[in-house]
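Participant: Provided herewith is a single structure, encoded as structure tokens, for subsequent inquiry.
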Amino acid sequence: MKRLGGKVAIITGSNRGIGKGIALAFAKEGCKVVVNNYKEDNEGKKVVEEIKKLGSDAIFVKADVSKEKDMKNLVKKAVGKFGKLDIMVNNAGILVFGTVLDLTEKDWDKQIDVNLKGTFLGTKYAVEQMKKQGKGGRIINISSIAGLVGFPGISAYCASKGAVTEFTREVALDHAADGITVNAINPGVIQTDMTKGMLDDKATKENLLGNTPVGRVGKPEDIGNAAVFLALDESSFITGHNLVVDGGWTAR
């Protein structure tokens, strides 16, 4: 029996990387998935095709997570196609490099708009729909270990992910009585396009691996498996939690 059979999920930024890993993990468990990116592209359509090959169903919806009208429409399209929304995964994110002295106001706003505002808007309209349905739901926010510990040279990113981590706890309290659980996953170093530049540099990669006790870089499916766990009915007593998936980085 597939553990997410009959469920419907939106996963923002799921055309590649961690979002794709979550989308495929959900599909393998029978979940219907709304794949998303901020622009029309072949990557998103390919993920939809992969999901259908796994025996589930999916659609692609273009939406910029930093724009309210787009996020309203994303939820509307999901419900219009599949009739409901059970799981919202706020995954879309960007990484802007720079210390506080290097960053421009434009850099800061871009980082916060996507990572934090996007999580706020996705949560807002998912909760609104879930409350209307009256059967609870699951919100899963993708934060980072950079929202728990500091990393040099990415001050805006750390600020955005720290805010996502705390936002998760607060919303969990607001909607626990509605049967809506709100949790975050805090990934460590995961092999994605976002980390490719760092991992392609031998010295940087060695440093990252040296700080990861399990001795390897994480894979998108590692986060996908964690997201499946938080999406299950059996996880209904877990809310306001930050699930760290980092190979032991923050345990040092």
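The values are calculated or read from the model by the stated rules, or taken from the named source; none is laboratory data. Owing to the predicted nature of the structure, the values given are computational and were not obtained by experimental measurement. Reconstructed Cβ throughout: ideal geometry from the backbone, glycine too, with neighbour counts over all protein chains shown. Remember, those area values only see protein heavy atoms, side chains included, never the ligands or the DNA or RNA. Shrake-Rupley method; radii C 1.70, N 1.55, O 1.52, S 1.80 Å.
Participant: Could you run the Debye sum over the Cα atoms of the stretch 37-154, one equal point scatterer each and no solvent, and tell me log10 of I(q)/I(0) at q = 0.17, 0.23 Å⁻¹, two decimals?
Facilitator: Log10 of I(q)/I(0), two decimals: -0.95, -1.35.
Participant: Across 10 Å bins from the origin, how do the percents of Cα pairs in the chain run, short distances first?
Facilitator: 8, 33, 38, 18, 3, 0
Participant: I'd like to check one number: the per residue accessible area of the chain, probe 1.4 Å, reported in Å² as a whole number.
Facilitator: 48
Participant: Also: Please report the carbon-and-sulfur percent of the accessible area for the stretch 167-230; probe 1.4 Å, protein heavy atoms only, DNA, RNA and ligands left out. Present the calculation step by step, with values, prior to reporting the outcome.
Facilitator: On the way: 1650 of 3120 Å².
Its accessible area is 53 percent carbon and sulfur atoms.
Participant: Also, I was wondering about something else. For the cross-link pairs 46/84; 72/135; 7/77; 53/117, which exceed 22 Å when the distance is taken from alpha carbon to alpha carbon?
Facilitator: Values: 46/84 24 Å; 72/135 20 Å; 7/77 16 Å; 53/117 34 Å.
With Cα atoms farther than 22 Å apart: 46/84; 53/117.
Participant: Here's something else I'd like to know. Taking the Cβ-Cβ separation of residue 236 and residue 57 as r and a Förster radius of 25 Å, what is the calculated FRET efficiency to the nearest 0.05? Walk me through the intermediate numbers first.
Facilitator: Values: r = 25 Å, r/R0 = 0.99.
Calculated value: 0.50.
Participant: Rounded to a whole number, what is D in µm²/s for the stretch 117-252 from Stokes-Einstein with the Kirkwood radius over alpha-carbon pairs (25 °C, 0.890 mPa s)? Walk me through the numbers before you get to the answer.
Facilitator: Details: Rh = 15.8 Å.
Using the Kirkwood radius from Cα pairs, D works out to 155 µm²/s.
Participant: Another question, if that's okay. Roughly to the nearest percent, how much of the accessible area of the stretch 74-162 is carbon and sulfur, given a 1.4 Å probe?
Facilitator: Details: 2270 of 4030 Å².
After summing per-atom areas, the C and S share lands at 56 percent.
Participant: Another question, if that's okay. Quick one: Kirkwood hydrodynamic radius for the stretch 6-54, alpha-carbon pairs, angstrom, one decimal?
Facilitator: On the way: mean 1/r = 0.0969 Å⁻¹.
Computed over the stretch 6-54, the radius equals 10.3 Å.
Participant: In Å, what Rg and Dmax follow from the Cα atoms of the stretch 70-133?
Facilitator: In Å, with Rg to one decimal and Dmax whole: 15.1, 48.
Participant: Now for a separate question. Counting each DSSP H run of 4 or more residues in the chain as -39500 (n - 2.57), what helix-only mean residue ellipticity at 222 nm follows after dividing by all residues, to the nearest 500 deg cm²/dmol? Don't skip to the end; give the middle numbers.
Facilitator: Values: 9 runs with 110 residues, N = 252.
About -13500 deg cm²/dmol.
Participant: Further question: Helix 220-231: angle to the longest alpha-carbon principal axis of the chain, degrees 0 to 90, nearest 10?
Facilitator: Roughly 40 degrees between the two axes.
Participant: How charged is the neighbourhood of residue 6? Take every other residue with its Cβ under 10 Å from the Cβ of residue 6, and add Lys/Arg as +1 and Asp/Glu as -1.
Facilitator: Numbers: positive: 2, 7, 32, 84; negative: 86.
Net charge around residue 6: +3.
Participant: Which residue fluctuates the most in the chain, going by a Gaussian network model with Cα springs under 10 Å, if the choices are 187, 220, 152?
Facilitator: Between 187, 220, 152, it is 152 that shows the largest mean-square fluctuation.
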